[in-house]
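What follows is calculated from the coordinates using simple rules that are stated; it is not laboratory data. Note that this is a predicted model, so its numbers are computed, not measured. Note: ideal-geometry Cβ built from the backbone for every residue, glycine included; neighbour counts use all protein chains shown.
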Ligand SMILES: *Cc1c(COP(=O)(O)O)cnc(C)c1O
């Protein structure tokens, strides 16, 4: 066991990173009973400004880096209802940095959900008229070139803010969760969360690796894919975790072949396409604990949690953490919420608590 009280190697490495603090941390850890399982919901939907979500944790380190580099505006890219774009706009408003968003979909006269909030926060939204990731990223690169020609010093961030610097936010989050668990005497069998651009997963992998290096026990990390194939996501998260550890000076912590687990069974046909299991999970969480999930990320991740519990993955009466990564504004976008009305076919849920 690592010496309690003495700073861990990870905590020490994190403390030297530039960080622009604006999130409300730590986020609550709230209990939810599902059958005989005790689920601890890590409420990163409550990270604070801009209506919260996991991206704020990455943005604390990304914007810290941007400010250190003397950036005078933020640029990022995402899907039409990108939570990351909305939270970048929020941070831009807090830090006083003009923010440019390159978005999928098409502009509308009446933006909704995340787009509405991004506009409200004063961001400039650009619509290149494509939903293709490569084309969106190319449009972001072009925009950065134009901004530089105009004499600006933009700080571009990729989809989801998933760089080694962004992932540091989730290495810190892992430590935050582990100390909450230690204080309350919780030893979860697993941490379950949604994965798409991989930064959340990578950061949690870094936290896990660093803790193992200190000889401490670690919960299983189970990432539920909501985009791409689980093979791609697994490889990407592993690489990003290694790069993050290297940038923190902990390169030796990530054992070759360390398990990087992605459960790809809950994504459905594609990113942002609703699934019946995901929709049932959204209604279940809402009616068993007033936990608001979305159809794109957390609903599918919660469906993965319910599915793995039903398969007895963690044995009888397990304790697990569900990392609620946010995404609530998407509920208010067109098609963002599953049918909820009685008689709509939505399942009835009995609160088992
Ligand atoms: C971005 C996002 C995720 C996935 O996080 P990544 O770091 O991109 O894998 C999960 N849930 C919500 C609500 C998100 O916005």
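Of note:
- Ranked by the mean number of other Cβ atoms within 10 Å of their residues, highest first, the peptides 166-173, 7-14, 260-267, 179-186 come out as 166-173, 260-267, 7-14, 179-186.
- Counted residue by residue at 0.36 nm each, then reduced by the alpha carbon distance between them, the extension gain from residue 252 to residue 270 reaches 2.9 nm.
- Three-way shape call for segment 138-234 based on the alpha-carbon gyration tensor, with the a/c threshold at 1.5: prolate
- Per-residue [θ]222 nm for the chain (sum of -39500 (n - 2.57) over DSSP H runs n ≥ 4, rounded to 500): -13000 deg cm²/dmol
- Relative packing of 304-316, 189-201, which averages over residues the other C-beta atoms within 10 Å, highest first: 189-201, 304-316
- Diagonalising the gyration tensor over the Cα atoms of segment 25-66 and scaling each eigenvalue by 5 before taking the square root yields semi-axes of 28, 9, 7 Å, largest first.
- Taking the convex hull of Cα positions in segment 190-332, its mean projected area over all directions (nm²): 9.0 nm²
- Counting neighbouring Cβ atoms within 10 Å and putting the fewest first, the residues 38, 280, 57 line up as 38, 280, 57.
- For residue 21 and residue 184, the FRET efficiency from 1/(1 + (r/R0)^6), where r spans their Cβ atoms and R0 equals 25 Å, is about 0.55.
- Calculated on C-alpha atoms, the gyration radius of segment 1-158 divided by its Kirkwood radius gives an Rg/Rh of 1.05.
- Beta bridge orientation in the chain: antiparallel %, DSSP, nearest 5: 15 percent
- Sorted ascending by nearby beta carbons within 10 Å, beginning with the fewest, 279, 216 become 216, 279.
- Calculated FRET efficiency for the pair residue 332/residue 229, C-beta based, R₀ 25 Å, to 0.05: 0.25
- Highest mean packing comes first when the peptides 25-34, 99-108 are listed by Cβ atoms within 10 Å, giving 99-108, 25-34.
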